[in-house]
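The values are calculated or read from the model by the stated rules, or taken from the named source; none is laboratory data. Since the model is a prediction, treat every value here as computed from it, not as a measurement. Cβ coordinates were reconstructed from backbone atoms using ideal geometry, including for glycine residues, and neighbour counts include every protein chain displayed.
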Amino acid sequence: MADSLLNTLQGMNLSELVQVARVAGLGNLSRDLPKNVLVEAILEDEALPADALEVRRVAIERHIARYKNRLLSQLPGCTGKCTSYGCPDVIVTRCWLGFSRDML
């Protein structure tokens, strides 16, 4: 069984491995990680070090949740979840750089 899973994982591309890792509860991992690191993380079911961008995304989401009523007029269609709002990484980074002092 373990060899079969290993073979299946090794046959996947990076995007597929990132999705499998996310479903396994390992968070939003970067496609820049080497394939063998992603495969090992999934097999070991062990959390990798937190991605700095993901930490910032979570901080932004918490801030939006805390002040949602005030912010909704500025963020039409925002659900308070950066991933569901569709903010690409560059927008999350720009948001963090511009507003991190207000969020902390």
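A search for C-beta distances below 6 Å between a residue of the stretch 9-20 that is within 11 Å of D32 (Cα to Cα) and any residue that is of a type in the set (K, R) and modelled with pLDDT under 90, counting only pairs 6+ apart in sequence or on different chains, returns L14/R31; V18/R31. For the stretch 36-46, the set of residues classified as under 17 Å from the mean Cα position of the chain (by Cα) and part of a helix (DSSP H, G or I) consists of V37, L38, A41, I42, listed by residue number.
Of all the criteria given as (1) of a type in the set (V, I, T); (2) surrounded by 13 or more Cβ atoms within 10 Å (Cβ to Cβ); (3) modelled with pLDDT under 80, the one not satisfied by V90 is (2). Just so you know, in the stretch 10-31 the residues that are outside any helix (DSSP H, G or I) and modelled with pLDDT of 85 or more include one that is farthest from the chain's Cα centre (by Cα), and it is G11. Sub-7 Å Cβ pairs linking a first residue in the stretch 59-74 that is among the small types (G, A, S) to a second residue that is not in a loop (DSSP other than H, G, I, E, B), at least 6 apart or interchain, are A59/M103, ordered by first then second residue.
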